[in-house]
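Data first, discussion second: the structure below is written as structure tokens.
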Amino acid sequence: MIGSETARALAIALEAEKQSLCTYLKLAWDTRDSSGKQMFIRLATDEFEHMRILETWQADMHPPAAIEPSVIERLVPRLSDKSLQIRGTRGQHQLPALNTALDLEKSAQTFYEEQSRLAQDEPGRALFSRLAEMEAAHYALLLAEIDNIRSDGFWFGLREFTLESERP
């Protein structure tokens, strides 16, 4: 049996995942760049999977035992291979959409981390923690895409190089 706080958190999480799914599908529809479309569709697919996991938890009254790594989670570690990211400024028009998606993922990650801390039982804590990890992978993917489009010397939000001399 799940407690009332967990049931409330599940309802909020389900609604947020549905909204994210719809947002990513709309962003995919509106994005002209084919790789941008594919990324938003992949994110929407992951959000659908999150929704399915939460619905199963809600229906069964206990969280699933384990969640396999998503395609995005398996992809993010390989994104450091910059040869896969040769788009330059072609994606500049996507930045507002990517920033919206980045905000969604950070909010979801923060929510799941908080729910993990508040969960009354270990399976609930573990599942919310796992969902937070999945949202963190989405965040990393989006950040890498934004950094690549901006071509500003950052990769995954970290400065790669600077043209400024190092001063003591």
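The values are calculated or read from the model by the stated rules, or taken from the named source; none is laboratory data. Because the structure is predicted, anything quoted here is derived from the model rather than measured. All Cβ positions, even for glycine, are placed from backbone atoms using ideal geometry, and neighbour counts span all protein chains on display. For accessibility, only protein heavy atoms count, side chains too; no ligands or nucleic acids. Shrake-Rupley method; radii C 1.70, N 1.55, O 1.52, S 1.80 Å.
A compact table of results
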item	result
Proximal charge balance of H62 [Cβ under 12 Å; K/R count +1, D/E count -1]	-3
Estimated FRET transfer efficiency (D121, T45; beta-carbon r; R0 25 Å; 0.05)	0.30
Carbon plus sulfur fraction of accessible area for the range 1-60, probe 1.4 Å, in percent	60 percent
